[in-house]
1. Going by the conditions given, is residue 66 aliphatic (A, V, I, L, M), touching a strand residue (DSSP E or B) at 6+ places or on another chain (Cβ under 9 Å) and either exposed (fewer than 15 other Cβ atoms within 10 Å of the Cβ) or closer than 30 Å to residue 149 by Cα (or both)?
2. Residue 112 fails exactly one of the following numbered conditions: (1) in a strand (DSSP E or B); (2) surrounded by fewer than 17 Cβ atoms within 10 Å (Cβ to Cβ); (3) of a type in the set (Val, Ile, Thr). What is the number of that condition?
3. So which of 129, 145 is under 21 Å from residue 87 (Cα atoms), outside any helix (DSSP H, G or I), in the same structural domain as residue 93 (by TED's automatic domain parsing) and over 46 Å from the mean Cα position of the chain (by Cα)?
4. Restrict the check to region 114-122 and report whether at least one residue is aliphatic (A, V, I, L, M) and in contact with an Asp or Glu (Cβ under 6 Å, 6 or more places away or on another chain).
5. Quick test of your reading of the structure: residue 162 fulfils all but one of (1) in contact (Cβ under 8 Å) with a residue 60 or more places away in the chain; (2) in contact with a helix residue (DSSP H, G or I) (Cβ under 9 Å, 6 or more places away or on another chain); (3) assigned to a helix (DSSP H, G or I). Name the failing condition by number.
6. Kindly indicate the residue of region 109-165 that is small (Gly, Ala, Ser) and out of contact with any strand residue (DSSP E or B) (no Cβ under 8 Å at 6 or more places or on another chain) and also farthest from residue 63 (Cα to Cα) among those meeting that condition.
7. Across region 139-162, what is the total count of residues that are closer than 14 Å to residue 98 by Cα and buried (at least 16 other Cβ atoms within 10 Å of the Cβ)?
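The values are calculated or read from the model by the stated rules, or taken from the named source; none is laboratory data. These numbers were taken from a predicted model, which means no experiment stands behind them. Glycine also receives a Cβ, built like all others from the backbone with ideal geometry; neighbour counts cover every protein chain displayed.
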Amino acid sequence: MEPVTLVLYIVIAAVLILVVTAVVKSITVVRQAEAAVIERLGRYQRTASPGLTFLVPFIDRIRERVALWEQVVSFPPQPVITQDNLTVSIDTVVYYQVTEPRNAVYEINDYINGVQQLTTTTLRDVVGGMSLEQALTSREMINTGLRRALDDATGPWGLRVVRVELKAIDPPPSIQDSMERQMKADREKRAMILTAEGHREAAIAEAQGNKQAAILSAEGAKQAAILAAEAERQSTMLRAQGERAAQYYQAQGEAKAIEKTFAAIKAGRPTPEMLAYQYLQTLPQMAQGEANKLWVVPSDFGKALEGFTRMLGAPGEDGVFRYQPTPDDGAGVSRPGATDDDVADWFDTSTDPEIAKVVAAAEQRADAAVAEPGANGSGRHAGGEGGVPTDTV
């Protein structure tokens with residue numbers, strides 16, 4: 001091969017390589033959520049959006065690709081002195097997003113380092129005005145203060161601080177031990193207070209229960225006494241009425257017995273001998289009393305018996321006095337063994353309806369008082385004042 005031809009081939013190869021290199025350098029692709037800062041001859045030319053981007057070969061170049069999504073940066077613990085001169089270690093997490101890629105590239109050398117340093121200084125400024133207790137209980141306020149300060153400071157850098165979170169606030173070990181003892185003491189104090197309140201509530205409830213029980217017991221005793229008194233009154237009245245009726249009926253029975261006896265005597269027409277015999281049969285009964293030590297038969301006994309016979313009888317043909325019946329006036333005399341009409345109801349054993357009605361009413365009132373003691377709130381029954389019924393037998 002001739003030298004001229006060889007040189008020509010070399011030149012053509014160099015031109016092809018140059019063309020290929022130029023084509024490759026003139027076409028680039030920007031990914032989604034990224035931005036490419038393009039410079040032309042060392043000066044800012046434009047910011048390329050995601051997609052296919054054309055560059056002027058050997059003139060334009062991509063200075064930096066900037067991520068546009070929200071980013072998270074966790075900074076190492078920073079020592080911060082509180083208002084009460086205690087050193088605490090605080091871990092922070094910053095959420096930020098690049099809104100202006102040009103400013104993020106040209107306004108600050110390293111915006112991540114700048115955010116870290118700015119966070120440290122702002123955190124010391126915010127927490128330095130608080131006590132340890134305030135710093136531990138005011139995380140939201142610290143987060144809000146940091147976010148505002150960082151957002152204002154990083155605005156010219158083309159950044160937007162979304163939020164700032166405190167991961168941990170670690171006081172010194174001695175302070176942690178003191179806080180643990182304090183919390184333990186507070187818990188024990190609250191436990192003792194709750195226990196005392198529980199005992200107090202239990203004592204109050206028990207006292208109230210005893211009070212209610214005493215009131216109900218007294219009310220029950222009152223009702224029982226009232227019912228017992230009413231029952232005693234009713235039973236006494238019924239017993240007195242029964243005794244009165246019994247005495248009355250006994251007197252009527254004795255009167256009717258005497259009447260029947262005399263009627264039987266008249267109907268039997270006794271002779272003096274029979275009367276004397278009956279009298280002699282009665283004498284031992286008269287002497288059976290414990291106070292009778294000696295009993296003397298009167299000397300005029302025969303004469304008294306004779307006079308009694310003369311009153312009841314008339315002399316017969318043999319001279320003996322015999323019973324002379326009273327002439328029949330047409331009024332009609334009952335037989336000695338027959339039951340008269342005026343005493344027919346004496347042998348009726350059925351319960352008096354009025355008494356049965358009164359007993360049923362008393363039982364109903366007693367059952368109502370036992371079932372609902374103090375139902376009307378005043379301890380009185382429907383029968384009258386003080387729980388004593390007003391009806392009587």
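1. So residue 66 passes the test.
2. Every listed condition holds for residue 112 apart from (1).
3. Numbers: 145 fails: outside any helix (DSSP H, G or I).
Within the list 129, 145, the selection yields 129.
4. We begin by selecting, within region 114-122, every residue aliphatic (A, V, I, L, M); these are 115, 118.
If we keep only those that are in contact with an Asp or Glu (Cβ under 6 Å, 6 or more places away or on another chain) too, we end up with none.
Checking region 114-122: not a single residue is aliphatic (A, V, I, L, M) and in contact with an Asp or Glu (Cβ under 6 Å, 6 or more places away or on another chain).
5. Just one mismatch for residue 162, condition (3).
6. The first filter runs over region 109-165 and keeps only residues small (Gly, Ala, Ser), leaving 114, 128-129, 131, 135, 138, 145, 149, 153, 155, 158.
Now drop any that are not out of contact with any strand residue (DSSP E or B) (no Cβ under 8 Å at 6 or more places or on another chain), which leaves 114, 129, 131, 138, 145, 149, 153, 155.
On the way: 114: 20, 129: 43, 131: 47, 138: 43, 145: 35, 149: 30, 153: 24, 155: 21 Å.
So the residue we want is 131.
7. Residues in region 139-162 being closer than 14 Å to residue 98 by Cα and buried (at least 16 other Cβ atoms within 10 Å of the Cβ): 9 in total.
For (1) in a helix (DSSP H, G or I); (2) over 22 Å from the mean Cα position of the chain (by Cα); (3) surrounded by 10 or more Cβ atoms within 10 Å (Cβ to Cβ); (4) free of Cβ contacts under 8 Å to residues at least 60 places away in the same chain, each residue gets a yes or a no:
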residue	(1), (2), (3), (4)
174	yes, yes, no, yes
179	yes, yes, yes, yes
183	yes, yes, yes, yes
203	yes, no, yes, yes
210	yes, no, yes, yes
218	yes, yes, yes, yes
227	yes, yes, yes, no
